[in-house]
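A.B. asks: I'd like to ask you about the structure that follows.
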Amino acid sequence: MTVTIVGSQLGDEGKGALVDRWGGDADVVVRYQGGDNAGHTVVEGGEEYKLSLVPSGAVRGKVGVLGNGCVVNPRTLFDEIDGLREKGLDPDVRVARRAHVIMPYHRVLDGIEEEVKAEDESGTEVGTTGRGIGPTYEDKVGRRGVRIGDLTDRETLRERLEYVVPQKRALVEDVHGLEIDGTDREDAFDVDALLEEFAEFGERLADGGMTVNCSDFLHHRMQAGDRIMFEGAQGTSIDIDHGNYPFVTSSNPTAGGAAVGSGVGPTVVGQGEVVGIVKAYLSRVGSGPMPTELDGDEQEEALADFIREKGGEFGTVTGRPRRIGWLDLPMLRHASRVSGFTGVAVNHVDVLAGLDELKVAHAYELDGEVIETVPATAEEWARCEPIYREFDTWDEVDWTAVAEAGYDALPEATQTYLAYIAEEVDADVYAVGVGPDREDTVEVVNPYEKQ
Ligand code: IMP
């Protein structure tokens with residue numbers, strides 16, 4: 001019995017609130033892709049926990065698994081676990097032995113590549129989180145990565161590092177023409193220092209019984225009757241395959257990633273529920289096209305500022321102000337098809353209350369043709385002109401009371417907006433987010449109760 005939570009847009013759709021809510025009915029919460037580029041805040045017992053890697057279910061006493069599709073920075077992992085322990089929790093976190101390790105040189109290379117792209121004015125810098133995500137997945141695909149399983153075997157770890165570190169050194173020194181020795185980059189390229197630090201992480205992982213053969217682990221948990229939740233990070237439009245390449249992250253946040261990134265069959269994911277999380281408008285933290293962006297004139301910029309402030313649209317990991325736009329249906333149709341949504345949760349509808357106008361891009365015009373889904377290249381996407389539909393706006397109401405009373409208590413205009421989204425993505429509305437707290441959710445369907 002599985003529920004998969006997928007971001008439908010560009011990340012930051014408020015997946016955490018639903019993972020938190022429905023994860024209460026799960027026994028095991030699995031992240032299947034990404035690393036410490038994700039960010040979520042969990043509030044439990046009046047205490048706030050900011051996490052970027054550890055699955056939020058671990059705060060609530062569930063088993064939190066980092067699947068083989070993840071890239072894991074052990075420094076972040078143990079910082080987060082230690083932080084939770086200091087607050088009196090005892091998180092149960094397991095890490096796939098097949099997951100790849102983000103090494104310090106990956107973070108250095110992430111920074112250098114972004115700087116190079118920014119300097120050559122090609123406009124191709126991605127605006128990454130700087131966490132080393134891309135360079136780590138590059139090494140995975142290049143078959144020169146270091147995996148979690150290697151950390152618990154010192155000799156293998158040494159062999160891997162002795163092979164890969166000189167290549168990374170050459171990349172920095174010979175390709176990019178930058179110094180390593182005598183700079184603050186030095187430790188990141190020192191095989192002995194890396195070996196000491198990461199073998200120690202390996203010991204800690206082994207001593208804590210934290211590493212698992214993910215597929216086998218989940219198989220046995222499911223056989224024992226446990227309920228699994230797959231927690232996607234980021235979103236469909238920054239998926240390496242289905243997103244807005246090259247302005248993407250380097251993994252598959254879409255539902256197929258849940259199977260590949262954890263070692264369960266696609267049938268297991270497909271027989272469960274796949275819930276797309278939608279923000280009622282759009283936000284983007286990195287670069288790349290955004291046809292509905294509110295940046296055309298002063299009035300649009302003022303509206304974007306209003307939504308940004310009200311919705312708290314600043315990056316959780318980086319603190320960067322997010323770009324803001326109207327809801328984009330071509331993006332949502334694409335997301336629903338790629339992941340096969342059985343339901344959607346629409347968040348942040350309270351943020352749109354009290355506006356003078358409300359628009360949605362129903363389709364695009366591209367080179368004189370009307371299209372209803374996202375084109376395959378970023379260049380085409382950048383040429384798309386939104387074809388808008390206008391909706392009635394709704395006023396501010398007591399959202400907490402609405403959350404308690406249920407769907408029918410939502411303003412009529414909000415219900416019209418939601419019904420339109422559901423129709424266009426061909427999936428039912430399972431939940432509506434009406435405020436930042438866990439309680440501020442109108443639940444229509446609990447996906448665990450549907451099965
Ligand atoms: P990376 O994942 O750090 O390589 O960044 C690649 C792109 O994905 C950049 O545009 C980031 O801003 C974006 N990104 C990565 N993680 C998140 C996230 O959790 N939410 C929203 N955008 C993200």
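A.B. asks: To the nearest 10 degrees, how steeply does helix 298-311 sit against the main Cα axis of the chain, on a 0 to 90 scale?
C.D. replies: Value to nearest ten degrees: 70.
A.B. asks: Can you list the residues, at least 5 places off or on another chain, whose amide H is less than 5 Å from the amide H of D92, using H built in the peptide plane?
C.D. replies: When sequence neighbours closer than 5 places are left aside, the close amide H contacts are G64.
A.B. asks: Taking the highest mean first, how do the peptides 187-196, 90-99 order by number of other beta carbon atoms within 10 angstrom per residue?
C.D. replies: Working: 187-196: 16.5, 90-99: 20.9.
Descending mean neighbour count gives 90-99, 187-196.
A.B. asks: Here's something else I'd like to know. Under 19 Å from a label point 7 Å along Cα→Cβ of A302: give me every residue in region 349-383 with its amide N that close.
C.D. replies: 352-359
A.B. asks: For the pairs K279/K359; K310/K359; K117/K279; K15/K50, flag any whose C-alpha to C-alpha distance is greater than 21 Å. Working shown, then result.
C.D. replies: Values: K279/K359 14 Å; K310/K359 18 Å; K117/K279 30 Å; K15/K50 14 Å.
Violating the 21 Å Cα-Cα cut-off are K117/K279.
A.B. asks: Measuring from a point 7 Å past the Cα of E396 along Cα-to-C-beta, which residues in region 411-451 have an amide N at less than 17 Å?
C.D. replies: Backbone N within reach: 411, 434-437.
A.B. asks: Please report the antiparallel percentage of DSSP beta bridges with both residues in the chain, rounded to the nearest 5. Intermediate values should be presented prior to the final figure.
C.D. replies: Values: 23 of 60 bridges.
Antiparallel bridges: around 40 percent, rounded to the nearest 5.
A.B. asks: If you consider only alpha-carbon coordinates, what radius of gyration and Dmax does the chain have, in Å?
C.D. replies: Here Rg and the maximum Cα pair distance are 22.0, 65 Å.
A.B. asks: Hey, with R₀ at 35 Å, roughly what FRET efficiency would E115 and D90 work out to, going by the Cβ-Cβ distance, to 0.05? Please list the in-between numbers first.
C.D. replies: Numbers: r = 41 Å, r/R0 = 1.18.
The calculated FRET efficiency here is 0.25.
A.B. asks: Using the Karplus curve 6.51 cos²θ - 1.76 cosθ + 1.60 with θ = phi - 60°, what ³J(HN,Hα) values do you get for each residue of region 125-139, in whole Hz, with x for Gly and Pro?
C.D. replies: So the J values, rounded to whole Hz, are 5, 8, x, 5, 7, x, 8, x, 5, x, x, 6, 5, 4, 5.
A.B. asks: For E372 paired with E196, estimate the spin-label separation in nm (one decimal), with each label point 7 Å from Cα along the Cα-to-Cβ line.
C.D. replies: So the label points at E372 and E196 sit 6.3 nm apart.
A.B. asks: Using a cut-off of 16 Å between alpha-carbon atoms, which aspartates and glutamates can reach K87, once sequence neighbours fewer than 8 places away in the same chain are excluded?
C.D. replies: Straight-distance partners of K87: E44, E47, E48, D79.
A.B. asks: OK, next. Taking amide H positions as placed in the peptide plane 1.01 Å from N, state which residues far from N347 in sequence (5 or more) or on other chains have amide H under 5 Å from it.
C.D. replies: Hits under the 5 Å cutoff: V278, K279, A280, G433.
A.B. asks: When the chain is fully extended, how far beyond the present Cα-Cα distance does E439 get from Q271, taking 0.36 nm per residue of separation? Before the final figure, lay out each step's value.
C.D. replies: Working: separation 168, 0.36 × 168 = 60.48 nm, distance 2.85 nm.
Fully extending the segment from E439 to Q271 adds 57.6 nm.
A.B. asks: Quick query: amide H of A363 versus all other amide H atoms, modeled in the peptide plane; which residues come in under 5 Å with a sequence gap of 5 or more or a different chain?
C.D. replies: Long-range HN contacts for A363: I387.
A.B. asks: Using only the alpha carbons, work out the radius of gyration and Dmax of region 263-411 in angstrom.
C.D. replies: Both quantities, over Cα of region 263-411: 17.0, 50 Å.
A.B. asks: Does anyone have the angle between helix 329-339 and the longest principal axis of the chain? Alpha-carbon axes, 0 to 90°, nearest 10?
C.D. replies: Approximately 50 degrees, to the nearest 10.
A.B. asks: From the phi angles alone, apply the Karplus equation (6.51, -1.76, 1.60; θ = phi - 60°) to region 169-185 and give each ³J(HN,Hα) in whole Hz, x where the residue is Gly or Pro.
C.D. replies: Computed from phi, the couplings for region 169-185 are 4, 4, 4, 5, 7, 8, 7, 8, x, 10, 7, 10, 5, x, 10, 6, 7 Hz.
A.B. asks: So in region 1-95, what percent of DSSP beta bridges are antiparallel if you round to the nearest 5? The partial results should precede the final answer.
C.D. replies: Values: 5 of 14 bridges.
Once the DSSP bridges in region 1-95 are tallied, antiparallel ones form about 35 percent.
A.B. asks: Could you check the simple spin-label distance between H219 and D356, using points 7 Å along Cα→Cβ, in nm with one decimal?
C.D. replies: Calculated label separation equals 6.2 nm.
A.B. asks: Using alpha carbon centroids, what distance separates region 358-390 and region 291-356, in Å?
C.D. replies: Centre-to-centre (Cα) distance: 16 Å.
A.B. asks: When a/c is below 1.5 the answer is rounded, else prolate if a/b is larger than b/c, else oblate, so apply that to region 403-451 with a ≥ b ≥ c taken from the square roots of the Cα gyration tensor eigenvalues.
C.D. replies: Working: a/c = 1.88, a/b = 1.07, b/c = 1.77.
In terms of gyration-tensor shape, oblate.
A.B. asks: Ok, one more. Rounded to the nearest 0.05, what FRET efficiency is calculated for D184 and A405 with R0 set to 60 Å and r the Cβ-Cβ distance? Before the final figure, lay out the partial values.
C.D. replies: Numbers: r = 56 Å, r/R0 = 0.93.
That pair, D184 with A405, gives E of 0.60.
A.B. asks: Just the number, please: percent antiparallel of the DSSP beta bridges in region 306-392, rounded to the nearest 5. Please list the in-between numbers first.
C.D. replies: On the way: 10 of 12 bridges.
If I count the DSSP bridges inside region 306-392, around 85 percent turn out antiparallel.
A.B. asks: How large is ³J(HN,Hα) for each residue in region 229-245, as worked out from phi by the Karplus curve 6.51 cos²θ - 1.76 cosθ + 1.60 (θ = phi - 60°), to whole Hz, x for Gly and Pro?
C.D. replies: Once θ is set to phi - 60°, the couplings for region 229-245 become 10, 9, 9, x, 10, 6, x, 4, 6, 10, 6, 4, 9, 9, x, 8, 4 Hz.
A.B. asks: Here is a further query. With a Förster radius of 41 Å, plug the Cβ-Cβ distance of K310 and D153 into 1/(1 + (r/R0)^6) and report the FRET value to the nearest 0.05. Don't skip to the end; give the middle numbers.
C.D. replies: Working: r = 51 Å, r/R0 = 1.25.
E(calc), rounded to 0.05, equals 0.20.
A.B. asks: Name the shape class, rounded, prolate or oblate, that the alpha-carbon gyration tensor gives for region 71-166, where a ≥ b ≥ c are the square roots of its eigenvalues, rounded holds for a/c under 1.5, and otherwise prolate holds if a/b is larger than b/c and oblate otherwise. Walk me through the intermediate numbers first.
C.D. replies: Details: a/c = 2.72, a/b = 1.35, b/c = 2.01.
Cα axes put region 71-166 in the oblate bin.
A.B. asks: Separate question: Subtracting the Cα-Cα distance from 0.36 nm times the residue separation, let me have the gained length for R337 to Y163 in nm, one decimal. Intermediate values should be presented prior to the final figure.
C.D. replies: Working: separation 174, 0.36 × 174 = 62.64 nm, distance 4.17 nm.
Fully extending the segment from R337 to Y163 adds 58.5 nm.
A.B. asks: Hey, another quick one. So how compact is region 362-446: Cα radius of gyration and Dmax in angstrom?
C.D. replies: Computed over the Cα atoms of region 362-446, radius of gyration and Dmax are 16.6, 47 Å.
A.B. asks: Going by Cα centres, region 133-166 and region 405-451 are how many Å apart?
C.D. replies: 44 Å
Bear in mind that the values in this text are calculations on the coordinates, not laboratory data. Please read all numbers here as calculations on a predicted model, not as lab measurements. When we count neighbours, we look across all protein chains shown, and the Cβ atoms used for this are built from the backbone with ideal geometry, even at glycine.
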